[in-house]
Amino acid sequence: MFIVIVGEEGGRAGELQLALRDLGLDWSVRWLTDAGGALTIPREQQVDVVVSELSVGALPGTTLLEQVRALHPEAARILLLDRGHGTDALQALDVAHRLLRKPLDAGELVDAVESVAELRDLLVNPTLVQTIGRVGELPPPPKLFIELGRMMQDPDISTVRIAALVSQDPAVVAKVLRLCNSAYFSSGRMITDIHQAITRLGLQTLQRMVLASEAYSGGAVPGIDREAMQDRAIRTSKLASRMLTGPSADLAATAGLLAEVGKLLPGVNRGGPDDIGPHFAEAGAYLLGLWGLPMPIVEAVANHHQPARVRMSGFWVPGAVHVASALVCGTPVDEDYLRSVCQIEQLPKWREMAEETAQAA
């Protein structure tokens, strides 16, 4: 495996090499101090992983990773963030598969690379690809949600422009207003237009409500109650986001909203005793990958039914979505997993939170 690390972390080369040797990993690592070296690697050379700091000289790390994506689309892209750069995380996820903290920790890097590799193996599973390939028409990408995301990257964007964009789709407006006035979000005052909804919900929550409206719209699917699924999705989203903080909470909220979206695809295993085919979580993750959603969300959806499958130290988005989905849907929580990440003592509190969410329905 060929790893390229760009930035000022070269002083940790010895630590990483020692860790790789201890783990029996035959990785070739190239340490570069400037972005130019990474961009001159020949296209025909296989690059497995590129790690970049947030700034590499005058070039933002996100710009470097975007250029790497064009030159070496096969490479896993990892961005290193200092503490205090959490606000940069969500924007970075458009081009980075994973985010790691500085200083670079050898164990965290190995876990991140292995996790991305396993997810790629999952998403190119021949049975899954064949199943999805037989679908006559996949649900289209949530265009309004994606466009909202692009607009929200502009710190000077006005709510007037946001409202104008959302208002172009009256069906989405109707659903967003209904959700905004539901017990989950209502503060007792009826909201009648998108401008008011933005004020009440905030842009992040509004974007997720648009996503729910788009992802769970469409024609009838045998055995699927879209309204009930959307209700579970919103409850899972809210619960998962309360288990984490900062940008991680936003990721968990979006992943929780999409945890069951794979059930809308034909030929998948929806958890029934007679179902065959790929699991709906993996099929949903494949769909989200096709839609171009950030890798941490894809990874969380793929593994929310088996969180221990994620090679990651600590409790993060897949774990939060697993617990939230299980509590909302009434399926077993993987308590062995929670013990392994030292979170089992939080389960009673999370159960109480789930009950509060159910009572608000």
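The values are calculated or read from the model by the stated rules, or taken from the named source; none is laboratory data. None of these values were measured; they are calculated from a predicted model. Glycine gets a Cβ as well: all are built from the backbone with ideal geometry, and neighbour counts include every protein chain shown.
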**OP:** Would you be able to tell me the number of residues in region 61-84 that are part of a helix (DSSP H, G or I) and either surrounded by fewer than 23 Cβ atoms within 10 Å (Cβ to Cβ) or of a type in the set (A, V, I, L, M, F, W, C) (or both)?
**Re:** 10
Original post:
Take the residues of region 274-302 that are among the β-branched types (Val, Ile, Thr) and modelled with pLDDT of 80 or more: which is farthest from Glu66 (Cα to Cα)?
Top reply: Val301
Subject >> Pairs with Cβ under 8 Å, 6+ apart, first in region 160-182 and at negative phi and loosely packed, with under 13 Cβ neighbours inside 10 Å, second aliphatic (A, V, I, L, M) and at pLDDT 80 or above >> reply: Arg161/Met151; Gln168/Leu144
**OP:** Would you point out which residue out of Gln306, Gln343 is more than 20 Å from the chain's Cα centre (by Cα), farther than 24 Å from Glu74 by Cβ and outside the structural domain of Asp111 (by TED's automatic domain parsing)?
**Re:** Gln343
Subject >> Positions within region 322-346 being under 21 Å from Leu257 (Cα atoms) and among the hydrophobic types (A, V, I, L, M, F, W, C), in sequence order >> reply: Val323, Ala324, Ala326, Leu327, Val328, Cys329, Val333
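Rundown of residues vs (1) without any contact (Cβ under 8 Å) to a residue 60 or more places away in the chain; (2) within 22 Å of the chain's Cα centre (by Cα); (3) more than 17 Å from Ala112 (Cβ to Cβ); (4) outside the structural domain of Leu104 (by TED's automatic domain parsing), yes/no style:
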site	(1), (2), (3), (4)
Arg21	yes, no, yes, no
Val29	yes, no, no, no
Ala35	yes, no, yes, no
Leu39	yes, no, yes, no
Gln45	yes, no, yes, no
Val50	yes, yes, no, no
Leu54	yes, yes, no, no
Gly61	yes, yes, no, no
Val68	yes, yes, no, no
**OP:** Filter region 1-57 down to residues that are surrounded by 13 or more Cβ atoms within 10 Å (Cβ to Cβ) and of a type in the set (D, E, K, R) and give me whichever is nearest to Val68 (Cα to Cα).
**Re:** Asp48
**OP:** Output yes when any residue across region 262-270 is of a type in the set (D, E, K, R), within 16 Å of Pro318 (Cα to Cα) and at pLDDT 80 or above, and no when none is.
**Re:** no
Subject >> Neighbours by Cβ (under 6 Å, 6+ apart or cross-chain): first from region 344-356, free of Cβ contacts under 8 Å to residues at least 60 places away in the same chain; second hydrophobic (A, V, I, L, M, F, W, C) and part of a helix (DSSP H, G or I) >> reply: Ile344/Leu338
